[in-house]
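The values are calculated or read from the model by the stated rules, or taken from the named source; none is laboratory data. Computed from a predicted model, the values in this text were never measured in an experiment. Cβ placement follows ideal geometry from the backbone for every residue including glycine, while neighbour counts extend to all protein chains displayed. Ligands, DNA and RNA are excluded from the accessible area calculation, which covers all protein heavy atoms including side chains. Shrake-Rupley method; radii C 1.70, N 1.55, O 1.52, S 1.80 Å.
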Amino acid sequence: MNAYEVVERIRQGKIKDDDEWLQLRDDIVQFLKEEHPEEEKRCFRPFGYFEVVKMVCDGIEKRRNGEMKIEKIIIE
């Protein structure tokens with residue numbers, strides 16, 4: 001996994017569905033446990049793009065567990 005490519009995918013909104021967000025979170029956690037240059041790890045911590053991914057995943061999991069209700073908002 002290349003940290004800079006992941007950051008670019010997040011910034012450009014190229015994550016397509018909930019499962020992809022959850023997998024990305026798990027991949028970042030694994031990446032941070034592995035040996036990689038500190039410069040790359042700084043993309044995700046502290047308060048980096050990993051925080052964005054964690055917030056999205058928290059929302060996905062709450063919705064799946066029925067803890068959060070999503071209402072449609074129609075803007076005309």
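What to note about this one:
- Label-point separation, Tyr4 to Asp17 (7 Å along Cα→Cβ), nm: 3.1
- Each residue of the stretch 11-27 was assigned a 3J(HN,Hα) from its phi angle through the Karplus curve 6.51 cos²θ - 1.76 cosθ + 1.60 (θ = phi - 60°); the sequence is 4, 8, x, 8, 7, 8, 8, 4, 4, 5, 4, 5, 5, 4, 4, 5, 5 Hz, with glycine and proline shown as x.
- Accessible surface, the chain, averaged per residue in Å² (probe 1.4 Å): 78
- Degrees, to the nearest 10: 49-64 long Cα axis against longest axis of the chain: 30
- Rounded to the nearest 10 square angstrom, Asp58 shows an accessible area of 80 square angstrom against a 1.4 Å probe.
- Segment Arg64-Glu40, length gained on full extension (0.36 nm per residue, minus Cα span): 5.5 nm
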